[in-house]
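This report concerns only the one structure given below.
What follows is calculated from the coordinates using simple rules that are stated; it is not laboratory data. Computed from a prediction, not measured in an experiment: that's the story for all the values here. All Cβ positions, glycine included, derive from the backbone under ideal geometry; neighbour counts span all protein chains shown.
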Amino acid sequence: MGNTISARKPKRSKMAKLLEETRLDDIRSQQNITTLKDNATVEQALKMLASKRVLSAPVKLSSPPPDAEQGSGSTIFGFVDVRDVVSSFFNTELQGVDLKSMKMLQRMRILEEKGQSFALLALKDLPIIGGGGC
């Protein structure tokens, strides 16, 4: 009887197995999940999130890759979160603007002006979407 080392496959945890084997359609059939399209504007996205009373949602590709399996999650582009949208607004549109030194009415005018153009941006054009699955 020689000592032999058996090559065993490491066991996957139950959670890892569940995450790997669960499809988006499996979850969606049980719940009503709010999703947004990547070509939706910031304004449309924020209105949808507000109407559903949620703070974040997955963003789906408006044109999924041809080999994307329905419900596999490969059509998910990223996530959008209200806090990230506001942060993106301040970091892109208001960079270099010193709001603290301005009077309130002047601040409000600048926020309104910059906000109108920002609201027209598509979600896919925001730096917070995609990449690492923000």
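Site pair Arg23 and Ala50 shows an inter-label distance of 3.7 nm when each label is modelled 7 Å from Cα along Cα→Cβ.
Computed 3J(HN,Hα) for segment 47-53, one whole-Hz value per residue from the Karplus formula 6.51 cos²θ - 1.76 cosθ + 1.60 where θ = phi - 60°, is 5, 5, 4, 5, 5, 8, 6, glycine and proline marked x.
Taking a straight line from the alpha carbon of Lys17, these aspartates and glutamates sit under 20 Å away, with near neighbours fewer than eight places off in the same chain left out: Asp25, Asp26, Glu69. Computed over neighbours whose Cβ is under 11 Å from that of Thr92, the net charge equals -1, Lys and Arg +1, Asp and Glu -1.
Approximating the spin labels as points 7 Å out from Cα along Cα→Cβ, the Ser62-to-Gln95 distance works out to 2.5 nm. Summing charges over neighbours of Ala119, with a neighbour being any other residue whose Cβ is under 14 Å away from its Cβ, gives -3 when K and R count +1 and D and E count -1. For Lys37, what residues show an amide H to amide H distance below 5 Å, using hydrogens built from the backbone and excluding near sequence neighbours? So Lys37 has HN proximity to Lys60. When the listed pairs Lys47/Lys114; Lys47/Lys103; Lys52/Lys114 are checked against a 21 Å cut-off, the alpha-carbon distance exceeds it for Lys47/Lys103; Lys52/Lys114.
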